[in-house]
Amino acid sequence: MSCTSGRPKLSDDQDRALFAESAGTCLLCATSLFPSDPKRTRSIPIAERAHIIAHSDDGPRADSSTSEQFRSSPENILLLCPTCHTKVDKAPAGYSVEHLRKLKQDRKQAVANIGGTPIFATRQEARRAAQRILLRNRLLFESYGPSPLDGSTESQEAANNWSARVLNEIIPNNRLLIALAAVNDDLATPSDHESAELLRQHTDDLERKHSNSLVTAPASRFPAQAGSLFEEEIP
């Protein structure tokens, strides 16, 4: 788990905290950082530590005014899969310091909202965690969202407020739901993984629409089956 722009020196406790706050998944794509391998009895650790501000003065998002101590601190490090790490460092203009910090904080807060690292012993525990997130998003939509009939809002101010809620609360919550299925792979069914993938597509659509311009038309609808993540299977 190295970084092309330097090797952060973290204690075991700091390392564990990074994995806890990331839900054990890539911060960008929510892919599990410990995918299973049918040929092995253990998962394959693929996590890479990526710097927000480069460790070196000539690396991606470099800032020579930032102390070396901070550059190697957990606050400046993300856990990414190898593919996303390459994208972030090869195209730094598309991944600003502010954007990456916000993604990190959003994921950390989303994990904290369900009471800690979302790794569960039973489907019932995973379902309770998913229900809390789903309920929070439903209440946000009912309180601030556009008309479910035609996507209209009462005013420009209401539309702006809804976009802010989507970007700052609903999207991070959706990413955590996707991460729940990835991290708890041993509890998830094929139906759960299909639901998580549909939710990922919906969430990517939301992010594109609300990040690039004010939404005046409905985004793709929330996939109904995502509301059934980790429900008990009928025998």
| field | Within the chain, longest stretch free of exposed GluC sites (Glu not before Pro) [DSSP loop, at most 13 other beta carbons within 10 Å] | value | 1-153
| request: State, as an integer percentage, the relative contact order of region 93-235 based on alpha-carbon contacts under 8 Å between residues 6 or more apart. | output: 30 percent
| Out of every Cα pair in region 83-214, what percent are spaced more than 21 Å from each other? | 48 percent
| said: Please compute the per residue accessible area over the chain with all protein chains in place, 1.4 Å probe, rounded to a whole number of Å². | reply: 54 Å²
| field | Accessible area of the chain belonging to carbon and sulfur atoms, whole % at 1.4 Å probe | value | 51 percent
| remark: Here, residue 39 and residue 157, labelled 7 Å along Cα→Cβ, have an inter-label distance in nm of 6.2 nm
| field | Cα-based radius of gyration of the chain once divided by 2.2 N^0.38 Å, which approximates compact folds | value | 1.06
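The values are calculated or read from the model by the stated rules, or taken from the named source; none is laboratory data. Keep in mind that this is a model prediction, so the values were computed, not measured. Please note: Cβ atoms are built from the backbone with ideal geometry, for glycine as well, and neighbour counts cover all protein chains shown. Ligands, DNA and RNA are excluded from the accessible area calculation, which covers all protein heavy atoms including side chains. Shrake-Rupley method; radii C 1.70, N 1.55, O 1.52, S 1.80 Å.
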